[in-house]
Amino acid sequence: MTYFSSKTTVKVRYGETDKMGVVYHGNYAQYFEIARIEWLKELGFSYKKMEEEGVMLPVVALHTNFKKSAFFDDILTITTTLKNVPTAKIEFEYELHNQQSELLTTGSTTLVFVSTETNRPIKCPDEMLQKIKSEMT
């Protein structure tokens, strides 16, 4: 079974690096967030609109595996793939490559659908679930 994936590119800014020009490890969580929001957008959903409609997606787990360093001015391509059909949680896997197509980093995040009214977990919205299932091959 293949799940929906998307590709996002980001250019490493100087402020994201240390004195040696290497991307600081804490910035990878932001790269994953940028890619995840683009994944939602490509699927046809707006994170902002989801929040306005009462659904939040807080991150409850983040894993990052560093293979090689990313550097200032690199163009990074982040492939974001849904790990499985969401329930009350949604899980993503990431691969981050540089402009030479070298694998630099892999990672994963787990987020939970939470009602803004009750602050409690809820099921994945039906509209999103149906769209995800229609994209599966």
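The values are calculated or read from the model by the stated rules, or taken from the named source; none is laboratory data. Values in this document were obtained by computation on a predicted structure and should not be read as measured data. Virtual Cβ from ideal backbone geometry, glycine too; neighbours counted across all protein chains shown.
Could you grab me the full set of residues in the stretch 94-118 that are out of contact with any Phe, Trp or Tyr (no Cβ under 9 Å at 6 or more places or on another chain) and of a type outside the set (A, V, I, L, M, F, W, C)? Once the filter is applied, which keeps residues that are out of contact with any Phe, Trp or Tyr (no Cβ under 9 Å at 6 or more places or on another chain) and of a type outside the set (A, V, I, L, M, F, W, C), the stretch 94-118 yields Glu95, His97, Gln99, Gln100, Ser101, Glu102, Ser115, Thr116, Glu117, Thr118. When Thr2, Thr8 are checked against the criterion of being within 23 Å of Met128 (Cα to Cα) and not in a loop (DSSP other than H, G, I, E, B), Thr8 stands alone in meeting it. On the basis of being more than 17 Å from Lys7 (Cβ to Cβ), of a type in the set (A, V, I, L, M, F, W, C) and surrounded by 12 or more Cβ atoms within 10 Å (Cβ to Cβ), does Ile132 make the cut? For Ile132, the condition - more than 17 Å from Lys7 (Cβ to Cβ), of a type in the set (A, V, I, L, M, F, W, C) and surrounded by 12 or more Cβ atoms within 10 Å (Cβ to Cβ) - is met. Check the stretch 107-125 and report whether any residue there is farther than 14 Å from Val55 by Cα and loosely packed, with under 14 Cβ neighbours inside 10 Å. No, the conditions are met nowhere in the stretch 107-125.
The single condition among (1) assigned to a loop (DSSP other than H, G, I, E, B); (2) closer than 15 Å to Thr8 by Cα that Tyr31 does not meet is (1).
Out of curiosity, is Thr87 in contact (Cβ under 8 Å) with a residue 60 or more places away in the chain and of a type in the set (Ser, Thr, Tyr)? In short, no.
Of Thr81, Thr109, Thr105, all but one fail to be over 30 Å from Met20 (Cα atoms), outside any loop (DSSP other than H, G, I, E, B) and under 17 Å from the mean Cα position of the chain (by Cα); the exception is Thr81. For the stretch 35-44, filtered to residues that are surrounded by 16 or more Cβ atoms within 10 Å (Cβ to Cβ) and in contact (Cβ under 8 Å) with a residue 24 or more places away in the chain, the residue that is nearest to Gly15 (Cα to Cα) is Ala35. If you filter the stretch 47-73 down to residues that are assigned to a helix (DSSP H, G or I) and of a type in the set (D, E, K, R), you find that the one that is nearest to Phe113 (Cα to Cα) is Glu51. Taking the conditions (1) crowded, with 17+ Cβ neighbours inside 10 Å; (2) under 17 Å from the mean Cα position of the chain (by Cα); (3) of a type in the set (S, T, N, Q) in turn, Asn65 satisfies each one other than (1). Criterion applied to Gly21, Gly15, Gly54 was being surrounded by fewer than 16 Cβ atoms within 10 Å (Cβ to Cβ), more than 15 Å from the chain's Cα centre (by Cα) and at pLDDT below 95, and the one residue passing it is Gly21.
The condition (being among the hydrophobic types (A, V, I, L, M, F, W, C) and part of a strand (DSSP E or B)) is satisfied by just one residue among Leu129, Leu76: Leu76.
Test Thr79 against the criterion of being of a type outside the set (A, V, I, L, M) and surrounded by 14 or more Cβ atoms within 10 Å (Cβ to Cβ), and give yes or no. Taking the combined requirement at face value, the residue satisfies it.
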